[in-house]
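A.B. asks: Quick one: structure below, then a few questions.
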Amino acid sequence: MSQKDTLTKYGELAIKTGVNVQQGQGLIINAPIEAVDFVRSLTKEAYKAGAKNVHIQWSDDQLTYLKMQHAPLAVLENFPTWQADGLIEMVKEGYSLLTVYGPDPDLLNGIDGERISAVTKASAKALSEYRDYVMNDRVTWSIVGFASKAWAKKVFPDLPLEEAQEKLWEQIFFITRVDQDDPVAAWEKHNETLRSAREYLNEKQYKKLIYRAAGTDLSITLPDGHIWQGGSGPSEKGIEFNANIPTEEVYTLPDKYGVNGTVTSTKPLSYGGNIINNFSLTFKDGKVVDFSAEEGEESLKNMLDTDEDGARRLGEVALVPHESPISMSGLIFFNTLFDENASCHLALGKAYPTSIENGSTMSKEELDQYGVNDSLIHEDFMIGSSDMDIDGVTETGETEAVFRNGNWAIQI
């Protein structure tokens with residue numbers, strides 16, 4: 001099968017299994033201009049599925065770089081109101097959201113961290129209502145990877161550009177099961193596996209998870225009524241969708257005041273156009289009180305200082321077996337969508353309210369009372385490895401093996 005035909009299958013998977021566009025529904029696609037041919041294919045599939053309108057939000061890495069380098073700081077500190085209002089209006093009308101993701105991991109290397117932080121804060125504040133629609137599953141949404149030239153060259157630096165891009169597409173097609181005869185059916189089977197894992201954990205309702213590995217000794221309290229999620233799930237209107245393609249995780253939220261100990265990263269984190277690598281975080285009563293990084297320490301500090309408190313607390317706990325297809329590829333993708341699904345990970349910042357009983361209907365004050373973190377950011381970072389052990393502590397205080405040597409210690 002040609003790459004063009006496989007891309008068509010990939011687009012069909014994104015529309016049917018990812019956002020699951022319904023008859024008469026609108027769709028927003030966020031995408032780089034490099035992906036124009038793929039976006040045209042996605043648009044065609046969306047209209048075939050019955051979309052009433054497909055709205056494209058284009059981006060361009062080079063234009064982003066030029067703006068970050070030259071625009072006055074005052075401009076970077078203000079996100080266009082008209083743009084935020086337009087997006088909010090569309091999600092209020094029930095538009096789905098599909099992000100085509102393949103940024104240059106090193107795009108903003110050398111740009112002053114203050115400028116990057118200004119853009120991050122401005123967009124997060126302006127789009128807070130928009131993000132609430134997404135993080136509460138009031139609309140269906142999904143993220144899919146795109147093998148951009150810059151990303152491909154980062155993953156395969158020793159290959160000629162065209163060959164590197166082709167190699168990255170091969171990996172994407174394998175990891176997302178698009179190389180199989182019926183990718184949609186393959187994902188239905190995969191979602192069943194993830195459903196079994198989350199159902200087991202939801203029945204257990206562990207009070208605490210304890211992580212141990214090289215450089216990691218961490219205790220995470222889980223709040224009463226926490227919900228493990230993973231694979232496909234329903235939107236507020238009951239439409240089944242997959243938020244991430246690929247995904248290998250089951251996840252929930254922690255008690256933001258109940259994290260103690262030290263955790264060390266196991267894969268590079270691409271954040272704000274820079275790489276943060278080999279970093280550690282020390283938590284006390286849920287808050288990061290110390291940190292270090294061999295690479296990108298300034299970027300790490302800027303991320304932790306995004307807001308007054310929430311960016312230094314956890315909003316997500318995710319379990320991924322080391323034997324996942326992405327991990328078994330042996331590659332570092334420098335792209336969180338892929339690397340987070342190769343490794344157990346945590347997320348600094350805002351929690352998904354849907355990960356606690358009735359969370360999507362709670363006010364911010366009520367969520368805070370349950371220990372649900374709020375922040376301008378939500379940034380996953382990878383901590384899993386082949387030597388990681390995770391124990392679950394039951395309500396009666398008993399300790400049970402959940403992960404051993406990086407993989408499930410229970411039958412899933």
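The values are calculated or read from the model by the stated rules, or taken from the named source; none is laboratory data. Just so it is clear, the model here is predicted, and its values are computed rather than measured. So basically every Cβ, Gly included, is an ideal-geometry build from the backbone, and we count neighbours across all protein chains shown. Surface accessibility is based on the protein's heavy atoms, side chains included, excluding ligands, DNA and RNA. Shrake-Rupley method; radii C 1.70, N 1.55, O 1.52, S 1.80 Å.
A.B. asks: Among all residue pairs at least 6 apart or on different chains, which show Cβ distances below 6 Å where the first residue, located in segment 389-406, is among the basic types (Lys, Arg) and the second is open to solvent by 40 Å² or more (accessible area, probe 1.4 Å)?
C.D. replies: Pairs found: Arg404/Asp389.
A.B. asks: Every residue in segment 12-24 that is over 20 Å from the mean Cα position of the chain (by Cα) and buried (at least 22 other Cβ atoms within 10 Å of the Cβ), please.
C.D. replies: Once the filter is applied, which keeps residues that are over 20 Å from the mean Cα position of the chain (by Cα) and buried (at least 22 other Cβ atoms within 10 Å of the Cβ), segment 12-24 yields only Val21.
A.B. asks: Here is a follow-up. From (1) surrounded by 16 or more Cβ atoms within 10 Å (Cβ to Cβ); (2) in contact with a strand residue (DSSP E or B) (Cβ under 9 Å, 6 or more places away or on another chain); (3) of a type outside the set (S, T, N, Q), pick out the condition that doesn't hold for Leu331.
C.D. replies: Result: Leu331 fails condition (2) only.
A.B. asks: Condition first: β-branched (Val, Ile, Thr), part of a strand (DSSP E or B) and more than 22 Å from the chain's Cα centre (by Cα). Now tell me which residues in segment 362-400 satisfy that.
C.D. replies: Selection gives Val393, Thr399.
A.B. asks: Out of all the residues in segment 190-233, which are farther than 19 Å from Asn341 by Cβ, surrounded by 21 or more Cβ atoms within 10 Å (Cβ to Cβ) and of a type in the set (Lys, Arg)?
C.D. replies: Selection gives nothing.
A.B. asks: Filter segment 384-399 down to the residues that are within 19 Å of Gly261 (Cβ to Cβ) and among the acidic types (Asp, Glu), then identify the one that is surrounded by the fewest Cβ atoms within 10 Å (Cβ to Cβ).
C.D. replies: So the residue we want is Asp387.
A.B. asks: Would you check which residues across segment 303-361 are of a type in the set (A, V, I, L, M, F, W, C) and part of a helix (DSSP H, G or I) and list them?
C.D. replies: Met303, Leu304, Ala311, Ile326, Met328, Leu337, Phe338, Ala342
A.B. asks: Another question, then. Within the bounds of segment 171-181, is there any residue that is within 24 Å of Ala243 (Cβ to Cβ), open to solvent by less than 20 Å² (accessible area, probe 1.4 Å) and assigned to a loop (DSSP other than H, G, I, E, B)?
C.D. replies: Yes, because at least one residue in segment 171-181 is within 24 Å of Ala243 (Cβ to Cβ), open to solvent by less than 20 Å² (accessible area, probe 1.4 Å) and assigned to a loop (DSSP other than H, G, I, E, B).
A.B. asks: Testing Asn260 on (1) open to solvent by 40 Å² or more (accessible area, probe 1.4 Å); (2) within 28 Å of Asp106 (Cβ to Cβ); (3) not aliphatic (A, V, I, L, M), one condition comes back false. Which one is that?
C.D. replies: (2)
A.B. asks: Quick one: in segment 89-117, which of the residues that are open to solvent by less than 80 Å² (accessible area, probe 1.4 Å) and polar (S, T, N, Q) is farthest from Ile245 (Cα to Cα)?
C.D. replies: Ser117
A.B. asks: Run down Ile29, Ile33 and say which single residue is crowded, with 21+ Cβ neighbours inside 10 Å, at pLDDT 95 or above and of a type in the set (A, V, I, L, M, F, W, C).
C.D. replies: Selected residue: Ile29, the only one of Ile29, Ile33 that is crowded, with 21+ Cβ neighbours inside 10 Å, at pLDDT 95 or above and of a type in the set (A, V, I, L, M, F, W, C).
A.B. asks: Among the listed residues Glu236, Glu298, which satisfies the condition of being assigned to a loop (DSSP other than H, G, I, E, B) and open to solvent by 20 Å² or more (accessible area, probe 1.4 Å)?
C.D. replies: After ruling out the rest, the residue left standing is Glu236.
A.B. asks: Filtering segment 1-11 down to residues that are open to solvent by less than 60 Å² (accessible area, probe 1.4 Å) and assigned to a helix (DSSP H, G or I), which residue is nearest to Glu236 (Cα to Cα)?
C.D. replies: Gly11
A.B. asks: Out of (1) open to solvent by 20 Å² or more (accessible area, probe 1.4 Å); (2) more than 20 Å from Ile175 (Cβ to Cβ), what's the single condition that is false for Met68?
C.D. replies: The single condition Met68 does not satisfy is (1).
A.B. asks: Any residue in segment 352-367 that is open to solvent by less than 10 Å² (accessible area, probe 1.4 Å), polar (S, T, N, Q) and within 26 Å of Asn302 (Cβ to Cβ)?
C.D. replies: no
A.B. asks: So, one more: Starting from residues that are assigned to a loop (DSSP other than H, G, I, E, B) and open to solvent by 20 Å² or more (accessible area, probe 1.4 Å), keep the ones in segment 263-282 and report whichever is farthest from Gly215 (Cα to Cα).
C.D. replies: Gly272
Residues checked against (1) touching a residue at least 24 places away in the same chain (Cβ under 8 Å); (2) within 25 Å of Trp187 (Cα to Cα); (3) buried (at least 20 other Cβ atoms within 10 Å of the Cβ):
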| site | (1), (2), (3) |
| --- | --- |
| Val39 | yes, yes, yes |
| Thr43 | no, yes, no |
| Val54 | yes, yes, yes |
| Asp61 | yes, no, yes |
| Leu87 | yes, no, yes |
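A.B. asks: Can you list residue pairs whose Cβ atoms sit under 9 Å apart, with the first residue in segment 117-136 being farther than 20 Å from Pro353 by Cβ and the second being basic (Lys, Arg)? Count only pairs 6 or more apart in sequence or on different chains.
C.D. replies: Val119/Lys67
A.B. asks: Here's another thing I want to ask about it. When segment 360-383 is examined, which residues are found to be in contact (Cβ under 8 Å) with a residue 40 or more places away in the chain, among the small types (Gly, Ala, Ser) and under 23 Å from Ser235 (Cα atoms)?
C.D. replies: Ser360, Ser375, listed by residue number.
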